[in-house]
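The values are calculated or read from the model by the stated rules, or taken from the named source; none is laboratory data. Remember, it's a predicted structure, so these values are computed and weren't measured experimentally. Cβ placement follows ideal geometry from the backbone for every residue including glycine, while neighbour counts extend to all protein chains displayed. With ligands, DNA and RNA removed, areas are computed over all heavy atoms of the protein, side chains included. Shrake-Rupley method; radii C 1.70, N 1.55, O 1.52, S 1.80 Å.
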Amino acid sequence: MIAATMMDFPLTLSHVLERAGALFGSTEIVSRLPDRSLHRYTYREFHRRVLALAAALQGLGLRKGDRVATLMCNHYAHLEAYLAVPCAGGVLHTLNLRLHPDDIAYIANHAGDRFLIIDDALLPLYEKFSKLTAFERVIVVRMSAEANALGDDYEQLIAANPVFTPPALAETDAAGMCYTSGTTGRPKGVVYSHRSIVLHTLATATVDYIGVSRADTLCPVVPMFHVNAWGLPYTALMVGAKLAMPGPHLDAVSLLDLYEAERVTITAGVPTIWLGIQQALEHEPERWRLTRGMRMVVGGAAVPEALIRALDRYDLQVIHGWGMTETSPVGLVNCTKGELKDRGDRDEELSYALRTKQGVPLPFFEIRAVAEKGVAPWDGKTMGELQVRGPWVAASYHELAEGIEQWTADGWFRTGDIATIDRAGYVNITDRIKDLVKSGGEWISSIELENALVSHAAVQEAAVIAVPHPKWGERPLGVVVLKAGMNVTRKALNDHLGPRFASYALPDAYVFVAEIPRTSTGKMMKAKLREAYKNWSWS
Ligand code: AMP
């Protein structure tokens, strides 16, 4: 036996923070504020403020492992919390502001959040669920003109400039957490470690994957409450890229203006955002010329080929990626390099067919497709459930026995996505086993909607299915069997659902049918319904 002679050096976010301050002091972080003005400062100032915030949290009583929730959009203060909380030994828990207030409360309580850092513009949302939660301290980032007296003032805490005593951190310590609604049943928590975040950051930053460098200006449009904005804030800080944060202004014109003003070279978000960008560019093709050559990381839902083609016309390069809350999130990235690119360059059709695939696995991210007969060959044809494993893949959910069936006996995570894998390792997601709808990057539970619909007096049976939608990717369609002699309108059904669901979750349309097809064991044949309504016209 021989012992390795290398240092046991922990992979922690403290290193990312210290490196950012020491090496990239003059790099800028720009954020668009609610009043549309631009806030800008350097990594040097960012580093100083992160330490002050970390110390302030310690002063408020933060202990190792304590959860600090955030309810914020993408800006410098959220970025400060991204580093200050884990470096102070806490666990950053980003709350999704698009969820129904009752669900936000459930998630905050289940996570055991002690503190909340919130944008003042979101206080009205907080008021809707505050009685259901028990945050010990609420820290308010005041950016809007309206005065309010609630909670501790974020800027005052930082201005007091307390001295930070860094806690001893192990790489396996919890650093962040995020809940997924992408499963049936209650939202489930995934707890990331310093190590899992650091390894994810290193792997995604490499050139054949997302490839972020110091020369880049990165604009994460994907919300910082969606799986750490795909890890991109950490990636930017590790490599020293300039950050341009869009704040609450996510419409296409505001984004294009920001891209142009700050010379953004790489941006990231769900397909719905890029459809808006495509339309704005088609409307005014000459207005934003400096965005040419920009890379757009697109994930969260499949990217339609037509979108890749349309953005190519403006010299905007789509990088298609796939991931899940449980996978930190990035697992696959499509950069059609090497052999496949050469083949594709000679054949335009083939090139687009390749670019529509979800990509190849990152280093240390292992994949297999499992069909009924066992592990599927990498032949680009045999479909199976995509199963994954790796150092940034969850091994369990936070304090939950339920959901355990998502891991196989031999230690792989079952994604619930159906895929083929080709000879070169390119994954193509072809379907989904999960009975859910993904609309503009947000999950909608069809089962919960069905249960609520059948509680309406006129409804005998109900199925809710995902139907393709040109803007949102998918939207829910209600397929309803009425009780004999009953009649009901879409509005009446949605009024019935309204109090329990976020507005984006309500079906846009209903079809009334005599019966819902079922299997011999009585299960609704959702696939048959999806096929029947796949060309549904939403207009
Ligand atoms: P979430 O945990 O909310 O990030 O959702 C993860 C799920 O989103 C995956 O299991 C897929 O069903 C879906 N998804 C994410 N990225 C893609 C993609 N590029 N193509 C198709 N589906 C995707």
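Just checking, which of LEU17, LEU83, LEU51, LEU62 is assigned to a loop (DSSP other than H, G, I, E, B) and either touching a helix residue (DSSP H, G or I) at 6+ places or on another chain (Cβ under 7 Å) or buried (at least 20 other Cβ atoms within 10 Å of the Cβ) (or both)?
None of the other options fit; the residue is LEU62.
Give all pairs with beta carbons closer than 8 Å in which a residue from the range 17-46 that is free of Cβ contacts under 8 Å to residues at least 40 places away in the same chain and among the hydrophobic types (A, V, I, L, M, F, W, C) meets a residue that is part of a helix (DSSP H, G or I) and open to solvent by less than 30 Å² (accessible area, probe 1.4 Å); count only pairs at least 6 apart in sequence or on separate chains.
Every condition considered, the pairs that remain are PHE46/ALA20; PHE46/GLY21; PHE46/TYR76; PHE46/LEU79; PHE46/GLU80.
Would you be able to say whether some residue in the range 397-407 is more than 10 Å from the ligand (Cβ to nearest atom), open to solvent by 50 Å² or more (accessible area, probe 1.4 Å), without any contact (Cβ under 8 Å) to a residue 24 or more places away in the chain and of a type in the set (Gly, Ala, Ser)?
yes
Could you please give the count of residues in the range 92-116 that are under 23 Å from VAL222 (Cβ atoms) and either in a strand (DSSP E or B) or among the β-branched types (Val, Ile, Thr) (or both)?
The total comes to 7.
It is to be established whether one or more residues within the range 281-298 are open to solvent by less than 10 Å² (accessible area, probe 1.4 Å), within 18 Å of GLY441 (Cβ to Cβ) and not in a strand (DSSP E or B).
no
Condition check: away from the ligand (no atom under 12 Å from the Cβ) and closer than 15 Å to VAL333 by Cβ. Does PRO361 satisfy that?
Here the answer is yes, as PRO361 does meet what is asked.
Among what's in the range 443-459 and is open to solvent by less than 10 Å² (accessible area, probe 1.4 Å) and outside any loop (DSSP other than H, G, I, E, B), pick the residue that is nearest to the ligand (Cβ to nearest atom). So that I can check it myself, show each step before the final result.
Here is the first cut: in the range 443-459, the residues open to solvent by less than 10 Å² (accessible area, probe 1.4 Å) are 444, 446, 449, 452-453, 458-459.
If we keep only those that are outside any loop (DSSP other than H, G, I, E, B) too, we end up with 444, 446, 449, 452-453, 459.
Values: ILE444: 11, SER446: 14, LEU449: 17, ALA452: 21, LEU453: 24, VAL459: 28 Å.
Among those that are open to solvent by less than 10 Å² (accessible area, probe 1.4 Å) and outside any loop (DSSP other than H, G, I, E, B), it is ILE444.
Restricting attention to the range 68-80, report how many residues are assigned to a strand (DSSP E or B) and either touching a His at 6+ places or on another chain (Cβ under 8 Å) or open to solvent by 10 Å² or more (accessible area, probe 1.4 Å) (or both).
So the count comes out to 3.
What pairs come out if I take residues in the range 425-441 that are in a loop (DSSP other than H, G, I, E, B) and pair them with residues that are of a type in the set (Lys, Arg) and within 11 Å of the ligand (Cβ to nearest atom) whose C-beta lies under 8 Å away, six or more apart or interchain?
Taking only residues 6 or more apart or on different chains, the pairs are TYR426/LYS357.
Which of the residues that make up the range 263-280 are touching a strand residue (DSSP E or B) at 6+ places or on another chain (Cβ under 7 Å), outside any loop (DSSP other than H, G, I, E, B), at pLDDT 95 or above and β-branched (Val, Ile, Thr)?
Once the filter is applied, which keeps residues that are touching a strand residue (DSSP E or B) at 6+ places or on another chain (Cβ under 7 Å), outside any loop (DSSP other than H, G, I, E, B), at pLDDT 95 or above and β-branched (Val, Ile, Thr), the range 263-280 yields ILE266, THR267.
Condition test on PHE225, is it part of a loop (DSSP other than H, G, I, E, B), surrounded by 20 or more Cβ atoms within 10 Å (Cβ to Cβ) and in contact (Cβ under 8 Å) with a residue 40 or more places away in the chain?
Against the criterion (part of a loop (DSSP other than H, G, I, E, B), surrounded by 20 or more Cβ atoms within 10 Å (Cβ to Cβ) and in contact (Cβ under 8 Å) with a residue 40 or more places away in the chain), PHE225 qualifies.
When residues of the range 508-539 are filtered for being part of a strand (DSSP E or B) and over 22 Å from LYS491 (Cα atoms), how many remain?
So in the range 508-539, the residues part of a strand (DSSP E or B) come out as 509-512, 518, 524.
Retained after the next criterion (residues that are over 22 Å from LYS491 (Cα atoms)): 518, 524.
Of the residues in the range 508-539, 2 are part of a strand (DSSP E or B) and over 22 Å from LYS491 (Cα atoms).
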